[in-house]
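Enquirer: Attaching a single structure in structure tokens format; questions to follow.
The values are calculated or read from the model by the stated rules, or taken from the named source; none is laboratory data. Given the structure is predicted, the values throughout are model-derived calculations rather than measurements. When we count neighbours, we look across all protein chains shown, and the Cβ atoms used for this are built from the backbone with ideal geometry, even at glycine.
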Amino acid sequence: MEIEKFYYDNRIVKYFAYATIFWGIIGMLVGLLAALQLVWPALSFDLAYTTFGRIRPVHTNAVIFAFVGNGIFMGIYYSLQRLTKARMFSDMLSYIHFWGWQLIIVAAATTLVLGFTTSKEYAELEWPLDIAIAIIWVVFGWNMMGTIIKRRTGHIYVAIWFYIATFVTVAILHIVNSFAIPVTFWKSYSLYAGVQDALVQWWYGHNAVAFFLTTPYLGLMYYFLPKAANRPIYSYKLSIIHFWALIFLYIWAGPHHLLYSSLPDWTQALGVIFSIMLIAPSWGGMLNGLLTLRGAWDRVREDPILKFLVVAVTAYGLSTFEGPMMSLKSVNAITHFTDWTIAHVHIGALGWNGFMTFGIIYWLIPRIFDTKLYSKKLANTHFWLGTLGILFYAIPLYWGAVTQALMWKEFTADGFLKYPNFLETVTQIIPMYHARILGGTLYITGALLFVYNIFRTVKSGNFVKEEAAEAPAREKIGLKRQQGEGFHRWLERRPIQFMLLALLAILIGGVIEVVPTYLIKSNIPTISSVKPYTPLELEGRDIYIREGCYTCHSQMVRPFRSETERYGEYSKAGEFVYDHPFQWGSKRTGPDLSREGVVTGKMYKPASWHYNHMKDPRLVSPQSIMPAYPWLLTNDLDLSSIDKKIRVMQKLGVPYPEGFVDIAKDDLLKQADLIVENLRNGGVETQNNKEIVALIAYLHRLGADISKK
């Protein structure tokens, strides 16, 4: 048998490892700033670029795509070469991937701070960056699949199954969710509207968590946990069941983010059913990881790397039990729109992704630098700081979430809301926000110790840029199944067929849930009184999106008595047919705005109230934690693209009359004059070309089409 000598490329692994560490610290610090702003809104500094609405998506994108994304690529580039006994298919593709991904991260942070956003959660980036992501993702997949095809091994190991599923599914999710028509270079409108947009977004949003934050990390678990424990994975058969059941079931669960919303009931029911079913494969994977350590628990007490990996897998198990429980309607009625969701997400991000990444880097860096970890004591300290940080972060938010949800729903003996003022429920949970800051600070302190430990480890070693290896030359593999060979063993020799079967598994659920909302009109009954936004209202809506108002305010009144008493009539699917994109929100730090423009006593706020509220929220609500937006009062409204916006909306099916483009600007100024007159009657002087005028027009439109004025 011929033995071939070759070299693993450790440079690309090192680059991604350094990027993971760098962006991890940046993402965590931005998250800490966002947490501080919820207690001390003055930390927004009255600047457009540092408000919570712009900082929060920077934090989520930095943690998901910069920290975790680079961690995924670091682990895949290291493990894939060793699992296939082959160098990466192309060094050039590896470095195009690395530098392309870093440039996208920098551009993402810059554009989000500048207010260029689609407002779609985990998919906020505008269309030029969406195209760039698709190109770089294809480069990554090309390099990965090329390596798998030229491998020197016969079968592909279980970790590679998860890598393949990640590549094909994220590509499909990203492309389908990103369909939009550009208005300008940094502005576009989603191809979908209202209910359809919400369904596609959370089909993407839930499965971005599934196939970007989960499946690749499961692949890394299947490689690095056995390596760190020096034991084989517990069960090969369980890994097969885990993989196929997980990727098939996960794709159906997206609608559980939209329970009690205007989404069709049958879609919500499917989301609940498949979410509950997900417990089985998810816990199968967790048990496969933990049982790999059978007989090695004495080592776990001594080895900080194994401690990180064990807590990571446990956090995965907790998150994947909690998610299905939150999809039960009775539980969702309490948890949705509260900080419970924030705590749930951070158990996954800090525990599963964060601890798995720390454990892998602690294991990997000494090996590619041919040295030992600088300090196990520092690593243990990091572990306990991180663990305490997670607990101090999550537990207060769970407590605060239940407190606030119950306050929202509480009635007096006379049948009135006990806490009609939303702000009363916010001030009650501020101490929980203080505790979250403590938890985040502990976690970041541990991460900084980690950086120092890795730095000293690197300084003490010698980098092995080209790691020598040898393996038997790969023999030609036949297409036919060998005698006595099971179907799955045969499939493991055919990576292209494997990829196509994985693609089929994930497409079934997506097609069944998404397509009928387009083909069956009864899913979204129209309302004749609902009309397109006026040009001024459209400009105001774009400002609302630019400032990130959707991060704190929902626009979805659920059919609960507590919500209809507080906000007004419950939301209906036909209200949102002209919303490109939808604005239902996923967290209420402030009240719902669905009926903000409806004149019903205390609910209606005149133009002067909105003006002063944006100037300084504490002028009208002394205990408010909302940042001020003084620039809206002085910024001139940019009317240079209003004609293009109307044309794009017409292409999307919004029924503006023929020739409306020619009078759009005049229509806008005429309505702006009415708002200015309204403000003057409230004692406020301004001009008709200010951004605040457009925003007020939009807020006064919300809910007005279907509610009595």
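Enquirer: Could you identify the single residue in 294, 301 that is in a loop (DSSP other than H, G, I, E, B) and out of contact with any helix residue (DSSP H, G or I) (no Cβ under 7 Å at 6 or more places or on another chain)?
Expert: 294
Enquirer: Contact list please: Cβ distance under 8 Å, first residue in the range 314-337 and in a helix (DSSP H, G or I), second residue among the aromatic types (Phe, Trp, Tyr) and buried (at least 21 other Cβ atoms within 10 Å of the Cβ), pairs at least six apart or on different chains.
Expert: Going by the 8 Å Cβ cut-off, the qualifying pairs are 315/352; 315/355; 316/217; 316/352; 319/352; 326/340; 334/340.
Enquirer: Something else now. Suppose the filter is in contact with a helix residue (DSSP H, G or I) (Cβ under 8 Å, 6 or more places away or on another chain) and among the small types (Gly, Ala, Ser); does residue 435 pass it?
Expert: yes
Enquirer: Separate question: Taking only the range 489-505 into account, find how many residues are in contact (Cβ under 8 Å) with a residue 40 or more places away in the chain, over 20 Å from residue 142 (Cβ atoms), within 33 Å of the chain's Cα centre (by Cα) and assigned to a helix (DSSP H, G or I).
Expert: 1
Enquirer: Continuing with the same structure: Among (1) among the hydroxyl-bearing types (Ser, Thr, Tyr); (2) part of a loop (DSSP other than H, G, I, E, B); (3) touching a residue at least 60 places away in the same chain (Cβ under 8 Å), there is one condition residue 611 misses while meeting the rest; what is its number?
Expert: Only one criterion is unmet by residue 611, namely (2).
Enquirer: From the list 96, 21, which one is within 21 Å of the chain's Cα centre (by Cα) and either part of a helix (DSSP H, G or I) or at pLDDT below 95 (or both)?
Expert: On the way: 96 fails: within 21 Å of the chain's Cα centre (by Cα).
Checking each option against the conditions leaves just 21.
Enquirer: Turning to a different aspect of this structure: Checking the structure you have, find out if any residue of the range 322-337 is assigned by TED's automatic domain parsing to the domain that holds residue 283, closer than 21 Å to residue 24 by Cβ and touching a helix residue (DSSP H, G or I) at 6+ places or on another chain (Cβ under 9 Å).
Expert: Looking for residues that are assigned by TED's automatic domain parsing to the domain that holds residue 283, closer than 21 Å to residue 24 by Cβ and touching a helix residue (DSSP H, G or I) at 6+ places or on another chain (Cβ under 9 Å), one finds none in the range 322-337, hence no.
Enquirer: From the list 337, 308, exactly one residue is touching a strand residue (DSSP E or B) at 6+ places or on another chain (Cβ under 7 Å) and surrounded by 20 or more Cβ atoms within 10 Å (Cβ to Cβ). Which is it?
Expert: 337 is the lone residue from the list that is touching a strand residue (DSSP E or B) at 6+ places or on another chain (Cβ under 7 Å) and surrounded by 20 or more Cβ atoms within 10 Å (Cβ to Cβ).
Enquirer: Within the range 203-215, how many residues turn out to be within 11 Å of the chain's Cα centre (by Cα) and among the polar types (S, T, N, Q)?
Expert: Filtering the range 203-215 down to residues within 11 Å of the chain's Cα centre (by Cα) leaves 204-210, 212-213.
Subset that is among the polar types (S, T, N, Q): 207.
Total satisfying the criteria: 1.
Enquirer: Out of the residues in the range 406-437 that are of a type in the set (Gly, Ala, Ser) and not in a helix (DSSP H, G or I), which is farthest from the chain's Cα centre (by Cα)?
Expert: The qualifying residue farthest from the chain's Cα centre (by Cα) is 413.
Enquirer: When you scan the range 394-428, how many residues do you find that are over 11 Å from residue 340 (Cα atoms) and not polar (S, T, N, Q)?
Expert: Total satisfying the criteria: 18.
Enquirer: Hey, another quick one. Taking residue 183, is it buried (at least 18 other Cβ atoms within 10 Å of the Cβ) and in contact with a strand residue (DSSP E or B) (Cβ under 9 Å, 6 or more places away or on another chain)?
Expert: When the stated conditions are applied, residue 183 passes them.
Enquirer: Tell me, please, whether a residue that is out of contact with any Asp or Glu (no Cβ under 8 Å at 6 or more places or on another chain), of a type in the set (A, V, I, L, M) and closer than 13 Å to residue 540 by Cα can be found in the range 673-683.
Expert: Scanning the range 673-683 turns up at least one residue that is out of contact with any Asp or Glu (no Cβ under 8 Å at 6 or more places or on another chain), of a type in the set (A, V, I, L, M) and closer than 13 Å to residue 540 by Cα.
Enquirer: Residue 86 passes all but one of (1) part of a loop (DSSP other than H, G, I, E, B); (2) surrounded by fewer than 22 Cβ atoms within 10 Å (Cβ to Cβ); which number fails?
Expert: Looking at each condition in turn, residue 86 falls short on (2).
Enquirer: Additional query: Taking the range 553-590 as the region of interest, how many residues are assigned to a loop (DSSP other than H, G, I, E, B), under 17 Å from residue 704 (Cβ atoms), touching a residue at least 60 places away in the same chain (Cβ under 8 Å) and not β-branched (Val, Ile, Thr)?
Expert: Total meeting the criteria: 9.
Enquirer: Kindly provide the set of residues from the range 687-703 that are surrounded by fewer than 18 Cβ atoms within 10 Å (Cβ to Cβ) and in contact (Cβ under 8 Å) with a residue 12 or more places away in the chain, ordered by number.
Expert: 689
Enquirer: Also, quick follow-up: Is the range 602-613 home to any residue that is within 29 Å of residue 191 (Cβ to Cβ) and either in the same structural domain as residue 559 (by TED's automatic domain parsing) or touching a Ser or Thr at 6+ places or on another chain (Cβ under 9 Å) (or both)?
Expert: Taking every residue of the range 602-613 in turn, none turns out to be within 29 Å of residue 191 (Cβ to Cβ) and either in the same structural domain as residue 559 (by TED's automatic domain parsing) or touching a Ser or Thr at 6+ places or on another chain (Cβ under 9 Å) (or both).
Enquirer: Within the range 59-71, is even one residue more than 15 Å from the chain's Cα centre (by Cα) and buried (at least 23 other Cβ atoms within 10 Å of the Cβ)?
Expert: yes
Enquirer: State whether the residues of the range 682-690 include one that is within 30 Å of the chain's Cα centre (by Cα), outside the structural domain of residue 36 (by TED's automatic domain parsing) and in a loop (DSSP other than H, G, I, E, B).
Expert: no
Enquirer: Show the residue pairs meeting these rules: Cβ distance below 8 Å; 6+ apart or different chains; first residue within the range 128-155 and within 18 Å of residue 91 (Cβ to Cβ) and outside any loop (DSSP other than H, G, I, E, B); second residue modelled with pLDDT of 95 or more and among the charged types (D, E, K, R).
Expert: The qualifying pairs are 147/87.
Enquirer: Right, here's the next one. All but one of (1) farther than 30 Å from residue 524 by Cα; (2) among the hydrophobic types (A, V, I, L, M, F, W, C); (3) more than 20 Å from the chain's Cα centre (by Cα) hold for residue 218; state the number of the condition that does not hold.
Expert: (3)
Enquirer: Any residue at all in the range 213-229 that's buried (at least 20 other Cβ atoms within 10 Å of the Cβ), aliphatic (A, V, I, L, M) and closer than 30 Å to residue 644 by Cβ? Reasoning before the result, please.
Expert: Here is the first cut: in the range 213-229, the residues buried (at least 20 other Cβ atoms within 10 Å of the Cβ) are 213-225, 228-229.
Subset that is aliphatic (A, V, I, L, M): 213, 218, 220-221, 225, 228-229.
Within this subset, residues satisfying the condition of being closer than 30 Å to residue 644 by Cβ are none.
Checked against the condition, which is being buried (at least 20 other Cβ atoms within 10 Å of the Cβ), aliphatic (A, V, I, L, M) and closer than 30 Å to residue 644 by Cβ, the range 213-229 yields no hits at all.
Enquirer: Out of all the residues in the range 397-417, is one or more without any contact (Cβ under 8 Å) to a residue 24 or more places away in the chain, in the same structural domain as residue 318 (by TED's automatic domain parsing) and polar (S, T, N, Q)?
Expert: yes
Enquirer: Tell me which residues, restricted to the range 564-584, are β-branched (Val, Ile, Thr) and in contact with a helix residue (DSSP H, G or I) (Cβ under 8 Å, 6 or more places away or on another chain).
Expert: Result: 577, single match.
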